[in-house]
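Below is one structure, written out as structure tokens; comments come after it.
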Amino acid sequence: MIGKNIIESEPISGAKVKKVLEDFSEDNELNYEQNITLNHLARFRRYSVEDSEEIIEKLQSEFKLRPKVAVHIVDLVPQDLADMRLIFAKEPGQVDKEEMEKILELLEQYDIIE
């Protein structure tokens, strides 16, 4: 990638990517990579775009999580502590069991789109 520099990088949820691709596909034809991405995102359960953004904001403000980790939690829709431990496995700071349970309680307040 000669001559290309990344100016800014921001993690976004899969729900938001799906919405952007669906909106884009209404007026344009998707290329191969975009089609693969859209098909992949359609296979998994997830929160709505509005709920995703709200959850990410709460995870960052209440639990002091990095944006990347908050997006992982929203995209992966963890169901139990084992799932949460996998998400936090490579995080530099340790998250205790009580905090993980609070995060799971927060996620239970939102509906999952099939």
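Could you sort the peptides 79-92, 55-68 by per-residue average Cβ neighbour count (10 Å cutoff), highest mean leading?
Values: 79-92: 12.4, 55-68: 15.6.
Listed from highest to lowest mean packing, they are 55-68, 79-92.
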Requested in this report: Calculate what fraction, in whole %, of the accessible area of the range 23-114 sits on carbon and sulfur atoms when a 1.4 Å probe is rolled over the protein chains.
Outcome: 47 percent
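Where does the charge balance sit around M100 when Lys and Arg score +1, Asp and Glu -1, over other residues with C-beta under 11 Å from its C-beta?
On the way: positive: R85, K97, K102; negative: D80, D83, D96, E98, E99, E101, E105.
For residues surrounding M100, the net value is -4.
I want the local charge near R43. Using Cβ-Cβ distances under 11 Å, sum +1 for each Lys or Arg and -1 for each Asp or Glu among the other residues.
Working: positive: K18, R45, R46; negative: E114.
Taking every other residue near R43 into account, the sum is +2.
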**Report entry** Helix 67-76 vs. the chain, principal-axis angle (Cα, 0 to 90°, nearest 10)
**Finding:** 80 degrees
Query raised in the report: Dipole of the chain (Lys/Arg Cβ +1, Asp/Glu Cβ -1, origin at the Cα centre): which of S52, V17, F88 lies farthest to the positive side?
Result: F88
Query raised in the report: How far is it, in nm, from the label point at D23 to the one at K4 when both lie 7 Å from their Cα along the line to the Cβ?
Result: 2.3 nm
Report summary line: Computed about the Cα centre, the charge dipole of the range 24-114 from +1 Lys/Arg and -1 Asp/Glu charges at the Cβ has a magnitude in debye, to the nearest 20, of 500 debye
Query raised in the report: So what's the angle, to the nearest 10 degrees on a 0 to 90 scale, between helix 14-27 and the longest Cα principal axis of the chain?
Result: 20 degrees
Query raised in the report: For K68, what is the net charge nearby, where nearby means another residue's Cβ is under 10 Å from its Cβ and Lys, Arg count +1, Asp, Glu -1?
Result: -1
Query raised in the report: Using the per-residue mean of other Cβ atoms lying within 10 Å as a proxy for protection, in what order, highest first, do the peptides 95-107, 24-36 fall?
Result: 95-107, 24-36
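Using only DSSP helix segments of four residues or longer, with each worth -39500 (n - 2.57), what per-residue ellipticity at 222 nm results for the chain after dividing by its residue count and rounding to 500? Write out the running numbers ahead of the final one.
Numbers: 6 runs with 70 residues, N = 114.
Calculated mean residue ellipticity at 222 nm is -19000 deg cm²/dmol.
Could you work out the per residue convex hull volume over the alpha carbons of the chain, in cubic angstrom?
On the way: hull volume 16.4 nm³, N = 114.
Dividing the Cα hull volume of the chain by its residues yields 144 Å³.
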Query raised in the report: Taking the simple approach of a point 7 Å from Cα along Cα-to-Cβ for both Q109 and L81, what is their distance in nm?
Result: 2.2 nm
Report task. Determine the per residue accessible area of the chain with all protein chains present and a 1.4 angstrom probe, expressed in square angstrom. Result -> 74 Å²
**Report entry** Distance between modelled label sites at Y32 and E91, nm, 7 Å Cα→Cβ extension
**Finding:** 3.8 nm
Query raised in the report: Going by alpha carbons, how many degrees (0 to 90, nearest 10) lie between the helix axis of 32-43 and the longest principal axis of the chain?
Result: 40 degrees
Query - Unsatisfied cross-links (Cα-Cα over 18 Å) in the set K16/K64; K68/K97; K68/K90; K16/K68; K18/K64 - result: K16/K64; K68/K97; K18/K64
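The values are calculated or read from the model by the stated rules, or taken from the named source; none is laboratory data. Just so it is clear, the model here is predicted, and its values are computed rather than measured. We place every Cβ from the backbone using ideal geometry, glycine too, and count neighbours over all the protein chains shown. Note: accessible area is taken over every heavy atom of the protein model, side chains too, but ligands, DNA and RNA are not part of it. Shrake-Rupley method; radii C 1.70, N 1.55, O 1.52, S 1.80 Å.
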